[in-house]
Amino acid sequence: MKNNLTYDYIIIGSGAGLIVADAALEKGKRVAIIEQDRFGGTCLNYGCIPSKMLTYPADIIQQAKHARKIGVNFSRPSVDLHNIMGRIKELQSKSKIMAESYAKLPGCEVLIGQAKIIAANQVKVFAGDKERILHGHNIIIATGAKPNIPAFPGNELALHYRSFFEHLPNKPYPRLVILGAGTISCEFAHFFSTLNTKVTIVGRSGTILKSEDGDVQTAIIQCMRVAGVSFLLTHRFDKIEQSENEKVVHLTNTTSNESIKIPCDEVIISAGVKSTAPELLDPAVGVELDRNNYIVTDKNMATSIPGIYAIGDINGHHMFRHTANQEAKILVDYLFEQKQSIINYQAVPHAVFTTPQIAGVGQTEEQVKKSGIPYKRGMLHYRDVAYGWAMGYGDDDDGGFVKVLTDQNNRILGAHAIGYQAAALIQPFVYLMNTGDGSLTPLLSSQPIHPSINELAAWAAESLILIGGKN
């Protein structure tokens, strides 16, 4: 293999990094794209998109069950798991097509292998038993993060989100234990519980989705229990054993110190992610890392070493593809347009694709209370708007809610939703928090379509009540 080739931009990672690659190629720059795994990154192959190919069919089944309340009856829905998994495999097959299409672009070279940054302008690429050294004027790190696998005996017997999507099941698991209680855990639980799998979520914090607003946590736990999901939320993972016909998960209750065993057919570890920086960076290069080994960047996505930049999960700001995309756009503006763009990390939205759906932006009510400032709260349930009535929500089922939190001057501090299309309902608050002074005033003076689900957000904003201050 040829050494000592020089590129204008060496891009490590083919997820959000492709946004920078596209901009560089459009400017006629020489670009190398290095990917150690499937081209297209985590989102395409193991994350955002394939996981929604699981949760959306589950949503349809749940909607079919709810439809009885509004006078629509279906025969019992059946799931064609082969079809669902086939769609995911078809999606993943696009990875090779993408890699080939980029490799054909003028000025672009695609390398499949493990990258190691060995100097401020040098990257060593390991491909099988071969090595190659690339020289670049600029290095863009967009490698994402990797699954965090806690150290305990038998952890190799479990799947994690990447290995699950690498080895898709051909039939539902009768019994599934999920170690971890975050977003990925809840989405897996949503899908498999809909297939009548007996799902148990195990966590240590006493709740699930611990970064969510407390009212959201309470509501989703109740809904998931109705769907048949069990929770053990004050338990430590001790070990996993394999018997002849099943796996056995050993846990300890951290409150009572009681040991329990859970027999199951499969275990998925979903205990967050961790940085890939230690294996990517030679320490001698001197790129600054934070205490969790994520790369420290400035407002332009520049690292402590000139010419090296980091976007996406690897910089530890927020583990969302939309954040990585926005950081890539900021870097493109800086590198190619000499324009200073900004990202508001206090207004990064997120969603959990369960039924009901969850979404939020900004501070939770618990965080606002802890700050000690007077604040306003507005909260409205689906049953409180006309379209919610049409959907069948009422006294026996409120359908979820939208909550908005502001300071005394109506500047948005946070907004949270749980229910049908929560991710869409939260978006107006995201727009407002990223424009001007983040005031709620434009929403208060706007006209939501009647009757539509959009009235939830608007009327929640109109229902603000001052908490901890004087009206």
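Every number here is computed from the coordinates shown, using simple stated rules; none is lab data. Keep in mind it's a predicted model, so treat the numbers as computed, not measured. Note that we place each Cβ from the backbone using ideal geometry, even for glycine, and neighbour counts take in every protein chain shown.
Tell me, for the chain, which Cys residues have no other cysteine's C-beta sitting closer than 4.7 Å.
108, 186, 223, 264
Compute the signed sum of charges (Lys and Arg +1, Asp and Glu -1) over the other residues within less than 10 Å, Cβ to Cβ, of residue 110.
-2
Student exercise: in segment 28-132, how many lysine pairs 8 or more apart or on different chains have Cα atoms under 17 Å apart?
Within segment 28-132, the lysine pair count is 7.
Provide the gained length on full extension for the span residue 290 to residue 148, in nm with one decimal, where the gain is 0.36 nm per separating residue minus the Cα-Cα distance. Please list the in-between numbers first.
On the way: separation 142, 0.36 × 142 = 51.12 nm, distance 1.72 nm.
In short, 49.4 nm is gained.
What's the FRET efficiency of residue 109 with residue 336 using the Cβ-Cβ distance as r and R₀ = 22 Å, to the nearest 0.05?
Details: r = 20 Å, r/R0 = 0.89.
The calculated FRET efficiency here is 0.65.
Taking R0 as 30 Å, what's the FRET efficiency between residue 87 and residue 230 from their Cβ-Cβ distance, rounded to 0.05?
For residue 87 and residue 230, the calculated efficiency is 0.55.
Expressed as a whole percent, how much of the Cα-Cα distance distribution for segment 155-271 exceeds 25 Å?
18 percent
Determine which lysines satisfy two conditions relative to residue 369: a Cα distance under 25 Å, and not lying fewer than 8 residues away in the same chain.
210, 403, 470
Order these peptides, 108-116, 323-331, by their mean beta-carbon neighbour count within 10 angstrom, highest first. Please report the intermediate quantities before stating the final value.
Working: 108-116: 19.0, 323-331: 22.3.
With the highest mean Cβ count within 10 Å placed first, the list reads 323-331, 108-116.
Would you mind pulling out the separation of the Cα centroids of segment 1-61 and segment 77-138, in Å?
7 Å
Using the basic label-point model (7 angstrom from Cα toward the beta carbon), what is the residue 258 to residue 421 distance in nanometres?
Output for this residue pair reads 4.5 nm.
For the chain, what's the relative contact order in percent, using C-alpha pairs closer than 8 Å and at least 6 residues apart?
14 percent
Which part of segment 180-214 falls in the paramagnetic zone of residue 242, meaning amide N under 20 Å from the point 7 Å along Cα-to-beta-carbon?
What the label zone holds, given the 20 Å backbone N cut-off, is no residue at all.
About the Cα centre of the chain, how large is the charge dipole given +1 on each Lys and Arg Cβ and -1 on each Asp and Glu Cβ? Please answer in debye to the nearest 20.
In debye, rounded to 20, the chain gives about 280.
Looking at the chain, send over the antiparallel percent of its DSSP beta bridges, to the nearest 5.
65 percent
Eigenvalues of the Cα gyration tensor times 5, then square-rooted: what semi-axes does that give for the chain, in whole angstrom, largest first?
38, 30, 22
Just from its helices, what would the mean residue ellipticity at 222 nm be for the chain, if runs of 4 or more DSSP H residues each count -39500 (n - 2.57) and the sum is divided by every residue, rounded to the nearest 500 deg cm²/dmol?
-9000 deg cm²/dmol
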